[in-house]
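Quick notes on the structure that follows.
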Amino acid sequence: MTDVELIDTILRVKKDKNALILAHYYQDESIQLCADFVGDSYGLSIKAMNSNADIIVFAGVHFMAETAKILNPTKKIVVPDLETGCSLAASCEYDRFKKMKEMHPNHVVVTYINCSAEIKSLSDVICTSSNAEKIINSIPENREILFAPDKNLGKYLEKKTGRRMLLWDGVCIVHESFSFNKLVEIINENPGIKIVAHPESNADVLELATFIGSTTEMINFVVDSPDDKFIIATEIGVIHDLKKKAPHKLLIPAPAYEENSCACSECAYMKVNTLKKLYDCLLNESPVIDVTPELIESARWPIDKMIKITENEI
Ligand code: 13P
Ligand code: SF4
């Protein structure tokens, strides 16, 4: 089948099965075209939690689909591929993290959503890139904070909130790779161009940015801005949505340094998913995301706490 035929078939089968397809902005354009909702980590979590579809097809990476299962445990959640990792989640192994927490028993443990359910179960509160500042500011000033696993996001939050935190040493291999020197070259070649950046980026890249936020916030900023030239410092997938919403604007993906395997801004984990795998998983309702009831119970409350703080319920 061609991609166009596959997309048509996916849309038909989705309707027949009363399925909801959720996709992250970093997914391939063809996958985004099939989705009922394309969003950032927080938006996708809320959509999954509130869904009453018969089945949720989650096109993102593993920790996202696992979070969806924790938030909507009775729902069947399937993914195009079970092997979609994340360098941040991989950096934060259970035993090492547990030891770190035990060494700092009085610290409030704030964990970025890019981690496993086991790590979430050791956390006091979860955050995403769209609510992290609010979550940190909700913690009493006299409490010390252990923040994991993204040290770049952690450093950015330290600067924004004025809080010192104990930081886990994890990075996103995509955002870590943006080249400061190449960005400066693009700025010099395009006077007036603005940079929008994801807070997983290095501090020197963030220094250059006019706006820093989650993928959804970056898209909204570019669309609403009176400016018409932007460097987009996040994974290249957001460009698909941006081109639709701001077709007349010049959008340049932030380049990675030469030594980076492809010198591009693609997340190889996200790109493990393909349109064909999306079709197969919808058709076969497999592979399924499985989380034990015990783990769901222990990982759920720090996520609920994040949602309550974000929605001003506490
Ligand atoms: P957001 O979806 O919160 O913008 O995070 C980006 C990311 O890297 C997800 O893995
Ligand atoms: Fe993980 Fe970075 Fe890929 Fe997001 S872009 S899934 S943080 S490796």
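Bear in mind that the values in this text are calculations on the coordinates, not laboratory data. Note that the structure is predicted; figures quoted are calculated from it, not measured. Because the Cβ atoms are built from the backbone with ideal geometry, glycine has one as well, and the counts that use them run over all protein chains shown.
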Inset, instruction - Provide the per-residue ³J(HN,Hα) series for the stretch 56-71, in order, calculated from phi with Karplus coefficients 6.51, -1.76, 1.60 and θ = phi - 60°, each as a whole number of Hz, with x at glycine and proline positions. - result: 10, 9, 10, 9, x, 10, 4, 4, 6, 5, 5, 4, 4, 5, 5, 7
Inset, instruction - Pairs of Cα atoms under 8 Å, at least six residues apart: use those to get the relative contact order of the chain, whole percent. - result: 23
Inset, instruction - Give the long-range amide H neighbours of residue 231: residues separated by 5 or more places, or on another chain, with amide H under 5 Å away, using H modelled in the peptide plane at 1.01 Å from N. - result: 194, 195, 196, 252
Legend entry - Net charge, residue 70 excluded, C-beta distance under 10 Å - Lys, Arg +1, Asp, Glu -1: 0
Legend entry - Integer Hz, Karplus 6.51/-1.76/1.60 couplings in order for the stretch 187-199, x for Gly and Pro: 4, 5, 7, 10, x, x, 5, 10, 10, 10, 9, 8, x
Inset, instruction - For the chain, divide the Cα radius of gyration by the Kirkwood radius and give the resulting Rg/Rh value with two decimals. - result: 0.96
Inset, instruction - State, to one decimal in nm², a quarter of the convex hull surface area for the C-alpha atoms of the stretch 246-314, i.e. the direction-averaged projected area. - result: 9.9
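Counting Lys +1, Arg +1, Asp -1, Glu -1, what net charge surrounds residue 288 among other residues with beta carbon under 12 Å of its beta carbon? Could the numbers behind the result be given before it?
Values: positive: 69, 75, 76; negative: 66, 285, 290.
Its environment carries a net charge of 0.
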Inset, instruction - First select every other residue whose beta carbon is under 12 angstrom from the beta carbon of residue 20; then total the charges, Lys and Arg +1, Asp and Glu -1. - result: +4
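Out of the trypsin sites (Lys or Arg not before Pro) in the stretch 138-195, which ones are loop residues according to DSSP with at most 14 other C-beta atoms within 10 Å?
For trypsin sites (Lys or Arg not before Pro) across the stretch 138-195 that sit outside H, G, I, E and B with at most 14 neighbouring Cβ atoms in 10 Å, the list reads 143, 164.
Grab the DSSP H runs of the chain that are 4 residues or longer, score each as -39,500 (n - 2.57), total them, divide by all residues and round the 222 nm result to the nearest 500 deg cm²/dmol. Could you put the intermediate results ahead of the total?
On the way: 15 runs with 139 residues, N = 314.
Counting only the DSSP helices, I get -12500 deg cm²/dmol.
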Legend entry - Expected-Rg normalisation [2.2 N^0.38 Å, Cα atoms] applied to the stretch 1-153: 1.18
Legend entry - Normalised contact order of the stretch 81-238, rounded percent, pairs of Cα under 8 Å and 6 or more residues apart: 19
Legend entry - Dimensions in Å of the stretch 1-80 - Rg and Dmax from alpha carbons: 11.9, 35
Inset, instruction - Find the relative contact order for the stretch 112-155 and round it to a whole percent, using C-alpha pairs within less than 8 Å whose residues are 6+ positions apart. - result: 44
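Evaluate Rg over Rh across the stretch 93-181, taking Cα atoms for both radii and Kirkwood's formula for Rh. Intermediate values should be presented prior to the final figure.
Working: Rg = 12.8 Å, Rh = 13.4 Å.
With Rh from the inverse mean 1/r over Cα pairs, Rg/Rh is 0.96.
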Inset, instruction - For the stretch 172-251 and the stretch 62-85, compute the distance between their C-alpha centroids and round to whole Å. - result: 29
Legend entry - Choice from 91, 265, 225 showing the highest fluctuation, given a GNM over the chain with Cα pairs closer than 10 Å: 225
Inset, instruction - Mind jotting down the distance between the C-alpha centroids of the stretch 282-302 and the stretch 99-158, whole Å? - result: 23
